[in-house]
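K.L.:
Dumping the structure here so I can ask a few things about it.
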Amino acid sequence: MTEESAINYRGRKAARARSEQRRRAILEAALRIVVSEGVRGVRHRAVAKEAGVPVSATNYYFDDISDLIADTFTLFAESAMNDVVDPIYQHIGDFVHQHKSALDTDPQMLDQLLERLTALITSLLQMELRDKRDHMLAEQAFMHECLRDPRLREVARTYFDHLLDELVQLCRLIGVQEPEIAGEILMGTVFRIEQEALMVPVEQFDMQKAHKMLKRQLQSLIPAVR
């Protein structure tokens, strides 16, 4: 994560490695509760029980439950950007770089590229639903909670700006005009697909519908491609 995208924790800082391990264990326990019960399930007693620590430990690091929730979101955002988001976009970026030279010499290959790019994004979404479902559930939970709690919005803005920046870079890479607007549209489509997919068992994920939605959005950008 770059300095520009860095986000800061709010709770009491740990002075020793063992203390930091306990603090992180508390945040990881809170994140598990977010996944299973939603943000409203995060309470000092519930988190202490999940983490296997006394309630006094959660109160020591987090005087305010909002700080505990905000730091849990921060932990989620850091791990998501490093372990989920960046590797996925790196994979997509490598794919576009690999095929862009052919597109530059043969514009007729654009539809072929978009079809393969759509298939790649859809397969990555399917993989995320299968292997990173907890990440997606936590993302949705925090997304809704930041509408209620203004103290979460700074973390949310940093996280979602990072997601958007990656999509904007992708749009620039394929030569789309107004890449900032195109990135916003694509991100909204991906969030819509993810939200619908999380409402059903993973085996019922309609990959064909997701493919069509993404392909339609990408094709809508074609008139704006050089």
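K.L.:
Counting only heavy atoms of protein chains, what accessible area per residue, in Å², does the stretch 167-211 have with a probe of 1.4 Å?
P.N.:
54
K.L.:
Next up: Using a ≥ b ≥ c from the Cα gyration tensor of the stretch 144-226 (square roots of the eigenvalues), is it rounded, prolate or oblate, where a/c under 1.5 gives rounded and otherwise the larger of a/b and b/c decides, a/b for prolate?
P.N.:
oblate
K.L.:
What is the Cα convex hull volume of the stretch 92-217 when expressed per residue in Å³?
P.N.:
It is 107 Å³ per residue.
K.L.:
What are the membrane-span-like helices in the chain by this rule: whole DSSP H runs, Cα extent along the axis at least 18 Å, mean Kyte-Doolittle hydropathy at least 0.5?
P.N.:
Within the chain the helices that satisfy the rule are 65-80.
K.L.:
Pairs of alpha-carbon atoms within less than 8 angstrom and 6+ residues apart define the contacts here; what relative contact order does the stretch 160-220 have, in percent? Provide the component values of the computation, followed by the final result.
P.N.:
Values: 31 pairs, mean separation 17.9, N = 61.
The normalised contact order for the stretch 160-220 reaches 29 percent.
K.L.:
Also, I was wondering about something else. Give me the Kirkwood hydrodynamic radius of the chain in Å, from all C-alpha pairs, to one decimal place?
P.N.:
It is 19.1 Å.
K.L.:
Sticking with this structure for a sec: Among the lysines, which have Cα under 24 Å from the Cα of Lys49 when same-chain residues fewer than 8 positions away are ignored?
P.N.:
Within the straight-line cut-off, Lys49 pairs with Lys13.
K.L.:
I would also like to ask the following. How would you classify the stretch 120-183 from its alpha-carbon gyration tensor, with a ≥ b ≥ c the square roots of the eigenvalues: rounded for a/c under 1.5, else prolate if a/b is greater than b/c, otherwise oblate? Don't skip to the end; give the middle numbers.
P.N.:
Working: a/c = 3.34, a/b = 1.24, b/c = 2.70.
Oblate shape, in that a/c is at least 1.5 and b/c is the bigger or equal ratio.
K.L.:
Quick one: length gained pulling Arg192 to Gln112 fully straight, 0.36 nm per residue minus the C-alpha distance? Each step should come with its number before you reach the end.
P.N.:
Working: separation 80, 0.36 × 80 = 28.80 nm, distance 2.47 nm.
Length gained between Arg192 and Gln112: 26.3 nm.
K.L.:
Another question, then. Any lysines with Cα under 25 Å of the Lys100 Cα? List them, leaving off those in the same chain fewer than 8 positions away.
P.N.:
Cross-link targets: Lys212, Lys215.
K.L.:
Spin-label point model (7 Å from Cα, Cβ direction): what's the Met143 to Gln21 distance in nm?
P.N.:
3.6
K.L.:
Find the eigenvalues of the gyration tensor of the Cα atoms of the stretch 44-86, then list the square roots of 5 times those eigenvalues as equivalent ellipsoid semi-axes, largest first, in whole angstrom. Before the final figure, lay out each step's value.
P.N.:
On the way: eigenvalues 115, 26, 9 Å².
Equivalent ellipsoid semi-axes, largest first: 24, 11, 7 Å.
The values are calculated or read from the model by the stated rules, or taken from the named source; none is laboratory data. Only a predicted model underlies this, so the values are computations on that prediction, with no experimental measurement involved. No Cβ is skipped: glycine too gets one built from the backbone with ideal geometry, and neighbour counts run over all protein chains shown. The accessibility values were calculated without ligands, DNA or RNA, using every heavy atom of the protein model including side chains. Shrake-Rupley method; radii C 1.70, N 1.55, O 1.52, S 1.80 Å.
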